[in-house]
1. Answer yes or no as to whether Leu107 is under 17 Å from Lys45 (Cβ atoms) and in a helix (DSSP H, G or I).
2. Which one of Gly122, Gly140, Gly128 is closer than 25 Å to Leu33 by Cα and in contact with a strand residue (DSSP E or B) (Cβ under 9 Å, 6 or more places away or on another chain)?
3. Tally up the residues in region 81-104 that are among the β-branched types (Val, Ile, Thr) and assigned to a strand (DSSP E or B), please.
4. Of the residues Val282, Val300, Val295, only one is more than 18 Å from Cys205 (Cβ to Cβ) and within 29 Å of the chain's Cα centre (by Cα); which?
5. Name the single residue that is surrounded by the most Cβ atoms within 10 Å (Cβ to Cβ) among those in region 110-131 being over 16 Å from the mean Cα position of the chain (by Cα) and in a loop (DSSP other than H, G, I, E, B).
Amino acid sequence: MDKAAIQSPDGYDPASDPSRPAPQVPFPAVRKLTIADVFTKDQKKVQLNVLRDHLLREGRLALETCKELLKRGAELLKAEPNALELTAPCLVFGDIHGQFYDMINMLDKAGPIERYKYLFLGDYVDRGTFGCETVFYLMGLKINYPDRVFMLRGNHESRLLAEHFNFRAEVLYKYNEDVYNQIQETFDCLPLAATLAGAIGKFFCVHGGLSPDVHSLKDINEIDRFHEPPEKGPFCDLLWSDPIEESGAIGLTALQLARWHAKTFEPNPTRGCSYFYGYGAVKDFLTKNNYSCVVRAHEVQKQGYKLHKFKKFDLKQPPVVTVFSAPNYCDMYENWAAWLIFEDTSYTFGQVAWVDHPYFLPNFSNALAFTFPFVVENFMKILADVLTAIGEIGYEHEAPIDPQDELAISEDIVQKRVRAMGRIALMMKKVRVEREHELRTPSLKPGSDKYDLALSLDMKNEKRPLDARKRFKTM
């Protein structure tokens, strides 16, 4: 370990402090990396190993380093078209959601960048607590490999969702408002879709899916992407839409199934915006553009991927594939992460489980602030017991006294204070219960499936917040 990375500016080395309660745990890096630390001497490339190792040790970057990474990354992204056109071989990754340690583990196992292009389908931040690290490392990859690393925009690359979930709070906790704003401006530069071409065919890649207003790449390239995603229209649909649930076709007669297969688009109440797209819409889009498959992310999958055949069991090639690359999503799904391995003549999937990562308290609270209600509640209970005992000892053997007597007044004051302590204790108990709920992992009944339970409990978080127009200008 580089001692300079963990020493404080005054030279104190906390890793060597014998009073540390858990010396076997690597100490977080203290010194913030400068531009000179992160970039090569000629300033043209990022020293990825330095950046990676520092971020894995929970190290922070100096503000000017953050801004330089984002500036250079944004310039490269801005120069790309809305719809990228790529060729095999390529690895396609789904949602990351701030799970930096899992992403690094996955990239280590996925395949060398010298052989494969990397295509990320969006949702780099929110839900997990290492979105900053994810963004900065991906910017480093993009700077070093501008023609081999490609990133699309997901629905969480948004000011609205960053504030609704936890990414904005994370950036403000680790850095400041200027860095947050620059990250969002960088997100505004992300392309919206891509095609992957090989002898096996051409795949259309996007975060969410299809739109009734998008019929070709030309329609996508005509979108003005350099702003906050709107709540409707083709830009919104590419980020938010989903394939229709196949559970809706269970038990249908042959005639009903034929009508179900003909479905194109219908409203998507799960998301609160955009559409569900059916087999009819997918078939029309693929046929018109001579594509073989839609590859998208946007939905957690137990195995990390899903082949959507829309109850067309005779199809050799699924018309839609979902890839999700955040294992044990939200630390409770216990799902696999997966990525698509797109070769010239074939494709397959890689899978990986989750790894351990450092822990943050909810809302990035510090231990003192988070435990304050616990401490106050119990202190008030003790104080109330003491005051009650004082009152009983002081007056248990006293003869009857005049109500106006000074001692009687003191007793009344004590009782009022006891009641006040009780009210404060109740208030602190309510806060404590709420915070315990934030920490609690959903309990499982014997034989229950943790993935299915997490999916049902988390469903409310799939919907787009409703107040975009009140806070952000959308087009």
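1. No, not satisfied.
2. Of Gly122, Gly140, Gly128, the one residue that is closer than 25 Å to Leu33 by Cα and in contact with a strand residue (DSSP E or B) (Cβ under 9 Å, 6 or more places away or on another chain) is Gly140.
3. So the count comes out to 2.
4. Val300
5. In this case the residue turns out to be Tyr116.
Every residue, every condition in (1) of a type in the set (A, V, I, L, M, F, W, C); (2) farther than 27 Å from Met103 by Cβ; (3) outside any loop (DSSP other than H, G, I, E, B), yes or no:
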{"site": "Glu133", "(1), (2), (3)": "no, no, yes"}
{"site": "Met139", "(1), (2), (3)": "yes, no, yes"}
{"site": "Lys142", "(1), (2), (3)": "no, no, yes"}
{"site": "Phe150", "(1), (2), (3)": "yes, no, yes"}
{"site": "Ala169", "(1), (2), (3)": "yes, no, yes"}
{"site": "Cys189", "(1), (2), (3)": "yes, no, no"}
{"site": "Thr195", "(1), (2), (3)": "no, no, yes"}
{"site": "Ser211", "(1), (2), (3)": "no, yes, no"}
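To keep it simple, each residue is scored yes or no on (1) acidic (Asp, Glu); (2) out of contact with any strand residue (DSSP E or B) (no Cβ under 9 Å at 6 or more places or on another chain); (3) surrounded by fewer than 14 Cβ atoms within 10 Å (Cβ to Cβ).
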| residue | (1), (2), (3) |
| --- | --- |
| Gly251 | no, yes, yes |
| Phe285 | no, no, no |
| Lys288 | no, yes, yes |
| Lys306 | no, no, no |
| Val320 | no, no, no |
| Phe324 | no, no, no |
| Tyr329 | no, no, no |
| Ser346 | no, no, yes |
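Only the coordinates and a few stated rules stand behind these numbers; no lab work does. What you are looking at is a predicted structure, and each value in this text was computed from that prediction instead of being measured. Cβ atoms come from the backbone with ideal geometry, glycine included; neighbour counts cover every protein chain shown.
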